[in-house]
Amino acid sequence: MKMNERLIVVGLFLLIYCILFALGLAFRKKIYGEMEYDERQERVRGVAYKRGFSVLLFEIIVNAAAKEMLGVDWATPVAEMLIFMLIAITVVSGTCIFQDAYFAPFAKGKNIVLVSALVGAINLFAGIKKFLNHLSFDEFHRFSNIQLVLGVGLIIVPVMAVVHEIVEERGGGE
């Protein structure tokens, strides 16, 4: 694929993404209702965002130190970014889920969990297939299987929500 063709593909991808993002924003209120959080949920979400940001900074610092001091180039830049973002998102989501601050009252939280699980399962399947075909590394022997990372990351959030739901049903939420 020539450079001009790559630019066209990337441009079309970004255009499609922006269109879908705008449609998602437009239909969000119709699908999920008004998302309002109480004071406790807002406080928990603030703590969760601080934890996620701190984890992200720590990951970036450790990765930069490993690259500069040890000369370790373990993954492609896109894979590194995705791994770091998903770990931070998992910290934020886990904090919010286990402290009942993830979904607003009367929001359709189960739909969000199902969509995340479905997209995660599709990516996990594609990532495992890529792994089994020995396509997880690029020409410089750096990890580049972003479908596997995305699949694992998107499956973790629904798993945490289901575990929380089971714990709540058994009365262990106190």
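Each Lys or Arg adds one and each Asp or Glu takes one away; over the other residues whose Cβ falls under 13 Å from the Cβ of Asn145, this sums to +1.
When the chain is treated as a GNM with alpha-carbon contacts under 10 Å, the residue of Phe13, Phe143, Phe98 showing the greatest mean-square fluctuation is Phe13. Is the shape of region 37-169 best called rounded, prolate or oblate, per the rule: a/c under 1.5 gives rounded, else a/b larger than b/c gives prolate, else oblate, with a ≥ b ≥ c the square roots of the Cα gyration tensor eigenvalues? Judged from the Cα gyration tensor, region 37-169 comes out oblate (a/c at least 1.5, b/c at or above a/b). Rounded to 0.05, the FRET efficiency of the Met81 and Asn133 pair, given R0 = 22 Å and the Cβ-Cβ distance, is 0.40. Across region 37-169, C-alpha contacts under 8 Å between residues 6 or more apart give a mean separation that, scaled by the residue count, equals a relative contact order of 31 percent. Calculated mean residue ellipticity at 222 nm for the chain: -27000 deg cm²/dmol, from DSSP H runs with n ≥ 4 weighted as -39500 (n - 2.57), summed, divided by the residue count and rounded to 500. Scoring 44-55, 79-90 by mean Cβ neighbours within 10 Å over their residues and listing the highest first yields 79-90, 44-55.
The angle separating the long axis of helix 77-98 from the principal Cα axis of greatest extent in the chain is about 10 degrees. Using 0.36 nm per residue and subtracting the Cα-Cα separation, the extra length available between Glu169 and Asp100 on full extension is 23.5 nm.
Computed from the coordinates by the stated procedures, all read-outs in this text should not be read as laboratory data. This structure is a prediction, so every number in the text was calculated from the model and none was measured. For neighbour counting, all protein chains shown are included, and Cβ atoms are generated from backbone atoms with ideal geometry for every residue, glycine included.
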